[in-house]
1. Specify which residue in the list B:Tyr17, B:Leu239, A:Leu184 is farthest towards the positive end of the charge dipole of the protein assembly as shown, using unit charges on the beta carbon of Lys, Arg (+1) and Asp, Glu (-1), about the Cα centre.
2. May I ask you to derive the FRET efficiency for A:Glu102 and B:His206 from their Cβ-Cβ distance with R0 = 22 Å, giving the value to the nearest 0.05?
3. Can you give the extra length, in nm with one decimal, that the chain gains between A:Gln117 and A:Glu205 once fully stretched, where that is 0.36 nm per residue apart less the Cα-Cα distance?
4. Note down the accessible area of B:Glu160, probe 1.4 Å, to the nearest 10 Å².
5. How would B:Lys65, B:Lys19, A:Lys133 rank on accessible area, largest to smallest, probe 1.4 Å?
6. Can you divide the C-alpha Rg of segment B:1-90 by 2.2 N^0.38 Å and report the result to two decimal places?
7. To check you understand DSSP bridge types, tell me what percent of the beta bridges within the protein assembly as shown (both residues inside) are antiparallel, rounded to 5.
8. How far, in nm, would the chain grow between A:Lys28 and A:Arg127 when pulled straight, counting 0.36 nm per residue and subtracting the alpha carbon separation?
Amino acid sequence: MAFEGNIDLYRVYKKYGENQVLQDANLKVSQGEFVVICGHSGSGKTTLLKLLYGEEKADEGEICIEGRDLSRLSRAELQAVRRRMGIVFQKGWLLEDRTVFENLEFVIKAFHFPSWQGRKRAFQVLRLVGMEKRFRCKMRDLSGGEKQRVAVARALINGPSIILADEPTAHLDQPVAVDVMEILELVSQLGPTILVATHNLASVEHLRTKRYELAEGRLKAVRSSHGR
Amino acid sequence: MEWEAQLPSGRWRVFYYAKDAILKGGINLMDNPVSSMTGILILAATLQIVGASFLVNLNLGVFLKRWEARVQVVAFLEDGVDEARAVGLAERIRGWEGVNSVRLVTREDAWDAFASDPQGRQLLDALGENPLPASLEVSLDSGDRETLRSLSSRLETIQEVMDVDHGEEWVEALYNALILARIVSIGLGAAVMASSIVIVAYTVTHAARAREAEMILLQFLGLPIPWVMAPLLGEGLWLGWLAASAACLSLALCFVALRFFFPMMLIWSWTPVAIMYLLGVGIGLFGSLVSARRMIR
């Protein structure tokens, strides 16, 4: 696919009542890039991600995922675009009453992956996020950092070309937050485009990422310490 | 890295969704036994009211038809009318439209009939002379109000007729009772049905809340929306079907019990059973659809 992993926002506007959340927002992310959107709470990061995975619609402008304008897609086509994404939600949406493995198995079954391949795949991604030894643990027994690792593993299991992560380090201690971000950086080396929205700048300071700041509805590129 | 989702496709997809809806819907219903049972019982009570009112209407209708078939207009003749004139009059009336038969009851016949009752006999003995008039008992093809009225009016115009007794008050009262019963049952049915839709929607929404994370995930994993909604729709379907079954069983038991006391008077019909199942499944599906649509983003 020529546009695999590409994300394009062109002059996007979004308003909730009188609150202009996005204003002439422009963004271009190419395949395999690791992009961080920074901004304080309420700056519109979550809205931006919701626009990207189609939960919200832009008032104006164009949002293209892998070359496909989301505003022109039917519901079924939008679902097909979502199947190529992995999403780490701010709320987590983890199945708390189930084990780590069952959380991944839920996705495997939903996608009708063959069970033995699915199990193999689940352990691969659990190993990648360092949770392979805790696969039998119930979600409710895990720490915040471990839960986020499982959330990342779950977002990876269907082999997405784009991963969107909304505040994956919220409520985590700094060392744990850095761990989670390092895992995402590791994942980005495997090929998918990664777009992370966070207010925790310190957790991405040391990473090789492309950074944008979202303030007053506008996206501004920020030069990172690594020069990317 | 890439792994294509292997989702069901082609024409068999619908059957796959249906199978999934029924299986997962049933499991979901059992996962929340208290709210499921509450929903089923409330919907069953609603359906039973609808079914019972339909059955009552049906029985009232049949009762009215039977009563109409037996309806008679009695024309009492003047004292001076002899038997030959009365027979002639009966022949004339027999030829009228809407008249099925005419029977002449002479003064003697009336006396004999009245005297067959011991108390009547005592009364007649005390009176001495036969005070009872001769009469014509006119049976109608149809005992509806219009025929009854027009025939009574026509009989009253005959010179030899002293008085006409057509029991119109009874027919009127019966018709009014039937109309009232229908209005009450329709009103009651509509009200309970509207409330039961809300209750079913609430029950399914409550159940759906428990699986909100699953539904959110399935949507954002990009699964087809019918597939995401299928278990909820299945749950509504099960709920409606179980409620209808409970309502039918309960209605049938009530009917059998009532029939034990009034063996000849009650009529069973499968139509309310079909209506209850259609309504139950319809309300269940509608309620779950309302709640499922709220969860789709």
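The values are calculated or read from the model by the stated rules, or taken from the named source; none is laboratory data. Only a predicted model underlies this, so the values are computations on that prediction, with no experimental measurement involved. Cβ sites come from the backbone with ideal geometry, for glycine too, and all protein chains shown count toward neighbours. Accessible surface areas use protein heavy atoms only, side chains included; no ligands, DNA or RNA. Shrake-Rupley method; radii C 1.70, N 1.55, O 1.52, S 1.80 Å.
1. Positive-most Cα among the choices belongs to A:Leu184.
2. 0.40
3. 28.0 nm
4. Answer for B:Glu160: close to 40 Å² accessible.
5. A:Lys133, B:Lys65, B:Lys19
6. Cα-based Rg divided by the globular estimate yields 2.73.
7. Given both bridge residues lie in the protein assembly as shown, the antiparallel proportion sits at roughly 65 percent.
8. Gain on extension, A:Lys28 to A:Arg127, equals 32.5 nm.
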